[in-house]
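Let me begin by presenting the structure, written as structure tokens, before commenting on it.
The values are calculated or read from the model by the stated rules, or taken from the named source; none is laboratory data. Quick caveat: nothing in here was measured; it's all calculated off a predicted structure. FYI the Cβ positions are ideal-geometry reconstructions off the backbone, even for glycines, and counts take in every protein chain you see.
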Amino acid sequence: MTQPETGAGTQIMLAEYTALRTEIERRTTVQWNVFALQLASAGAIAGVAISAAGNLALLLLIPLSSYLLGSRYILHDFHVKLIRRYLRDSLAARLSGHLQWEVWRRTELSTPVSRGWFSVTGWNLTQPTRLAFEGVAVLALVAGACAAAYRWWLTPTTWPLLAGAGAGWSLGAVVIVALHRAFERASDL
């Protein structure tokens, strides 16, 4: 579908551009809120869990909440990238190449820059956003396993409690792997 080469058609496309840039801003704000909620909820859960020895099983909630919130973060990241691609590939072309931000941005980001293990621009395992979701979940799972092993070493437990804890731990491990795979797929977009 081609737009008419009139001033009205250009104004419509510029209004669309403005609306899409506003949508990008809204989604990045939601991403920041999800990130903050992840840190706050993981801290609150961990605080309650370590407040008493009987609450340590609550640590198993952190991988689940990390998966849920991490998936929301990735979903918004996907839509931001989708909007950027539309602006670059469709809208800019219809405006005779006058929208150059997305093309310029992509060119600048494609030049070799340090994206080593401790870079905040890559989606590697030490990237701060991934650490806030995946790292916190793994830490909670390891801490939960260590605390449970220590507690059970001091006081043997019944097999139903052991089976329930094992199932909760296994579910936590599964959702961490799923979250890891989701971040890996998001890095390819």
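Assorted remarks:
- Condition check for Leu162: part of a helix (DSSP H, G or I) and modelled with pLDDT of 85 or more: no
- Only one entry of Thr10, Thr18, Thr28 meets the criterion of being modelled with pLDDT of 95 or more and either closer than 25 Å to Ala145 by Cα or assigned to a helix (DSSP H, G or I) (or both), and that entry is Thr28.
- Checking Ala53 against (1) touching a residue at least 24 places away in the same chain (Cβ under 8 Å); (2) surrounded by 13 or more Cβ atoms within 10 Å (Cβ to Cβ); (3) of a type outside the set (Phe, Trp, Tyr), the condition it does not meet: (2)
Okay, residues lined up against (1) surrounded by 16 or more Cβ atoms within 10 Å (Cβ to Cβ); (2) farther than 30 Å from Leu141 by Cβ; (3) aliphatic (A, V, I, L, M):
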{"position": "Ala8", "(1), (2), (3)": "no, yes, yes"}
{"position": "Ile12", "(1), (2), (3)": "no, yes, yes"}
{"position": "Thr18", "(1), (2), (3)": "no, yes, no"}
{"position": "Arg21", "(1), (2), (3)": "no, yes, no"}
{"position": "Glu25", "(1), (2), (3)": "no, yes, no"}
{"position": "Thr28", "(1), (2), (3)": "no, no, no"}
{"position": "Gln31", "(1), (2), (3)": "yes, no, no"}
{"position": "Phe35", "(1), (2), (3)": "yes, no, no"}
{"position": "Ala40", "(1), (2), (3)": "no, no, yes"}
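- Residue in the stretch 149-159 that is within 29 Å of the chain's Cα centre (by Cα) and part of a helix (DSSP H, G or I) present: no
- Evaluated against (1) part of a helix (DSSP H, G or I); (2) touching a helix residue (DSSP H, G or I) at 6+ places or on another chain (Cβ under 7 Å); (3) modelled with pLDDT under 95; (4) closer than 30 Å to Arg185 by Cα, Ser66 falls short on exactly one condition, (3).
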